[in-house]
Amino acid sequence: LVQSKVYQQLEKNIIPVSYEELEAKAREHLEDKPFYYVAASAGAQSAADKNNRAFEKWQIVPRMLCDTSSRDLSVSLFGKKMEYPVLCAPIGVQSIIHPQGELASARAAAAMKIPFISSTASTYSLEKISEAYGEGEKWFQLYWSSDREVAGSMVRRADQAGYSAIVITLDTPMMAWREKDIEHAYLPFLEAKGIGNYLEDPVFCSRLEVSPQEDIKAAVLLWAKIFGNPSLTWKDLEYLRMQTNLPILLKGILHPEDARLAEEHGADGIIVSNHGGRQLDGVIPAIDALPDVVEAVGDRVPVLMDSGIRRGADIVKALSLGAKAVFIGRPYMYGLALAGEEGVKQVLRNILADFDLSMALSGKCSVAELNRGLLRGSSVR
Ligand code: FNR
């Protein structure tokens with residue numbers, strides 16, 4: 001164990017190590033509205049739990065006597081080396097749970113050498129988040145608004161600010177039926193908490209009659225009006241392709257036929273995700289959708305995944321099923337809620353340490369050695 005790079009960095013935890021206890025502590029710490037905004041699923045509230053439980057259908061069958069004394073967890077994506085096959089998922093409005101919001105999370109991710117994905121719906125502008133992260137891999141996530149010039153402007157700003165890939169989230173053409181938020185009449189974007197990134201967008205601001213400082217309500221209303229775009233089709237991707245030369249990844253693909261369409265339309269990467277169960281009630285768990293998507297595009301398009309990654313073994317399973325990397329979502333939000341930048345750092349450090357040990361105890365020294373042969377089980381069809 002002392003060989004583990006990550007394990008050696010472990011310091012005393014100021015937050016719970018177990019995911020379940022972390023969530024329970026965040027529940028105690030946060031008011032109802034922000035807690036449920038983070039924790040809840042769409043509709044019947046069960047999709048996030050189903051994501052987590054779906055991992056249990058796959059079991060690791062470890063190999064022995066493999067000399068795992070030295071391990072390399074790095075991967076290469078779009079020609080760049082990443083220390084670990086792990087990124088911080090794009091999560092908007094982070095200031096609702098901590099005043100430093102995305103800035104604290106970005107700093108923590110940078111300290112752990114984990115790429116940070118900045119959300120369109122961030123409290124802070126993408127430029128400020130880029131500055132907080134500093135050098136290194138950071139990606140920008142786009143919610144494609146119904147004003148396509150605003151979407152184009154965001155992508156160009158991200159390119160300028162040093163982001164190295166664009167993630168387009170496809171599963172949110174509109175906000176879902178989120179019962180807790182509806183019950184609480186909670187819209188975290190109100191009071192500009194979630195639209196800081198828009199307020200620094202020149203095209204968005206050009207659509208306002210007066211500056212946001214003079215009439216923030218008008219800015220929020222415009223934001224709500226143009227937030228999503230349910231009329232988009234595959235053909236619309238061409239427009240964004242023309243705005244940037246950065247790799248474009250499509251997030252929210254679950255159907256193998258959509259994976260084929262993504263490839264046909266020039267996507268550089270695919271993210272199998274159901275948005276942590278926050279969008280569609282009754283949706284297939286992401287880990288169950290992963291094998292068919294990987295099969296559909298083979299090695300031609302890198303497939304990443306999120307929705308339900310909680311521990312190191314989950315990462316081993318996702319990579320063995322063909323994901324090139326995974327995103328961490330809610331766990332780092334709870335770390336942020338409880339202890340700001342240090343909390344996020346500890347969550348990430350713990351997950352990496354657990355992943356490193358899970359690799360070693362599976363008899364594997366590198367990510368390239370992970371494949372379906374390590375697992376028993378089957379996806380639900
Ligand atoms: C999200 N997610 C998300 N996705 C995205 O593309 N843009 C965004 O702004 C957000 N915002 C957001 C807010 C909150 C509070 C959560 C929990 C999630 C989805 C996110 O990127 C990721 O897909 C999920 O978090 C994965 O599920 P788990 O592992 O967190 O359950």
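Bear in mind these aren't lab numbers, they're just calculated from the coordinates by the rules spelled out. Remember, it's a predicted structure, so these values are computed and weren't measured experimentally. Cβ placement follows ideal geometry from the backbone for every residue including glycine, while neighbour counts extend to all protein chains displayed.
In sequence order, region 17-28 has phi-based couplings of 7, 6, 4, 5, 6, 4, 5, 5, 5, 5, 4, 5 Hz under the Karplus curve 6.51 cos²θ - 1.76 cosθ + 1.60, θ = phi - 60°, and Gly or Pro positions carry x. Taking amide hydrogens as placed 1.01 Å from N in the peptide plane, the amide H of Leu87 sits under 5 Å from those of Val326, Phe327, Ile328, each at least 5 positions away in sequence or on another chain. Calculated mean residue ellipticity at 222 nm for the chain: -12000 deg cm²/dmol, from DSSP H runs with n ≥ 4 weighted as -39500 (n - 2.57), summed, divided by the residue count and rounded to 500.
Using the Karplus relation 6.51 cos²θ - 1.76 cosθ + 1.60 with θ = phi - 60°, the per-residue 3J(HN,Hα) values for region 33-39 come to 4, x, 4, 5, 4, 7, 7 Hz, with x marking Gly and Pro. Annotation: amide H-H contacts under 5 Å for Ser164 (H modelled 1.01 Å from N, sequence separation of 5 or more, or interchain): Lys138, Trp139, Phe140.
What's the ranking of 129-140, 63-74 by average number of surrounding C-beta atoms within 10 Å, highest first?
129-140, 63-74
Local charge sum around Gly312 (other residues, Cβ-Cβ under 13 Å, Lys/Arg +1, Asp/Glu -1)?
Cβ neighbours under 13 Å give a net charge of +3.
Over what distance in Å are the Cα centres of region 123-148 and region 222-242 separated? Here the two parts' Cα centres lie 17 Å apart.
Comparing mean-square fluctuations of Thr120, Thr169, Thr244 from a GNM of the chain with C-alpha springs under 10 Å, the top value falls on Thr244. Of the peptides 42-53, 101-112, 221-232, 257-268, the order by per-residue mean of other Cβ atoms within 10 Å, starting with the highest, comes out as 101-112, 42-53, 257-268, 221-232.
Residue by residue, region 127-137 carries 3J(HN,Hα) couplings of 5, 5, 5, 4, 5, 5, 6, x, 5, x, 6 Hz when phi is fed to the Karplus relation 6.51 cos²θ - 1.76 cosθ + 1.60 (θ = phi - 60°); x denotes Gly or Pro.
Taking other Cβ atoms within 10 Å as a rough exposure proxy, Met174, Met154 sort from fewest to most as Met174, Met154.
Computed packing ranks the peptides 303-309, 278-284, 186-192 as 303-309, 278-284, 186-192, most packed first, by mean other Cβ atoms within 10 Å. Inter-part distance, region 303-318 to region 46-116, computed on C-alpha centroids, equals 8 Å.
What net charge is computed for the residues neighbouring Val93, neighbours being all others with C-beta under 11 Å from the C-beta of Val93, Lys and Arg scored +1, Asp and Glu -1? Net charge in that neighbourhood comes out at -1. Residues with beta-carbon under 9 Å from that of His275, excluding His275: net charge, scoring Lys, Arg +1 and Asp, Glu -1? Within the 9 Å Cβ shell, the charges total 0.
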